[in-house]
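Take a look at the structure below.
The values are calculated or read from the model by the stated rules, or taken from the named source; none is laboratory data. These numbers were taken from a predicted model, which means no experiment stands behind them. Glycine gets a Cβ as well: all are built from the backbone with ideal geometry, and neighbour counts include every protein chain shown. These area figures cover heavy atoms from the full protein model, side chains too; ligands, DNA and RNA do not enter into them. Shrake-Rupley method; radii C 1.70, N 1.55, O 1.52, S 1.80 Å.
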Amino acid sequence: IGRWQDAKDHLDVLIANDPKIPELKLLYARCLTVLGKVPQAAQQFYSLIGYDPRTRTFDPKTAEDAKNVAAYVAAARLERQDREAPEVADQIMQQMVAVNPNSYEAYLERGRYYLRSGELPGAQKDIT
């Protein structure tokens, strides 16, 4: 219903009470994105997937939820659409599959990503 600020405010309280629930942080990052707070949203996504933007590397050991496919998809979308960084988005999607090599969902989402990006060979490879 479009009450993103209210949702963010409620998530602030929930996260303060239990900061170790990654699902809440994913919802929080999505709220920040919609509210136009892209740098803060990116930082939340990076924390979930273990991405260091300074070195452009991933560390699954420091990730709060390294196998969360939805977090990778949302982070890649943010990078491609809001930050105009398709190379970073591509790297995020590759990492998603690398840490989820047996997940049909990871391959399906990467295939969808390729399709939206106009990369039909990549989409066909992942989806078929």
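At-a-glance table
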quantity	calculated
R0 of 25 Å, Cβ-Cβ distance Gln5-Arg112: FRET efficiency to nearest 0.05	0.25
Global geometry of segment 65-128, whether rounded, prolate or oblate, following the gyration tensor of its Cα atoms and the 1.5 cut on a/c	oblate
Under 27 Å between alpha carbons - lysine pairs in the chain that sit 8 or more apart or on different chains	13
222 nm mean residue ellipticity, helices alone, for the chain (DSSP H n ≥ 4; -39,500 (n - 2.57); rounded to 500)	-20000 deg cm²/dmol
Segment 1-63 shape via C-alpha gyration tensor axes, a/c threshold 1.5	oblate
Accessible surface of the chain, 1.4 Å probe, proportion on carbon and sulfur as whole %	53
Largest to smallest principal axis extent of the C-alpha atoms in the chain, angstrom	44, 32, 28
For the chain: accessible area per residue (Å², 1.4 Å)	58
Efficiency of FRET from Cβ geometry, Thr57 and Lys37, R₀ 35 Å, rounded to 0.05	0.90
Trypsin sites (Lys or Arg not before Pro) within segment 59-98, DSSP loop, no more than 11 other Cβ atoms inside 10 Å	Lys61
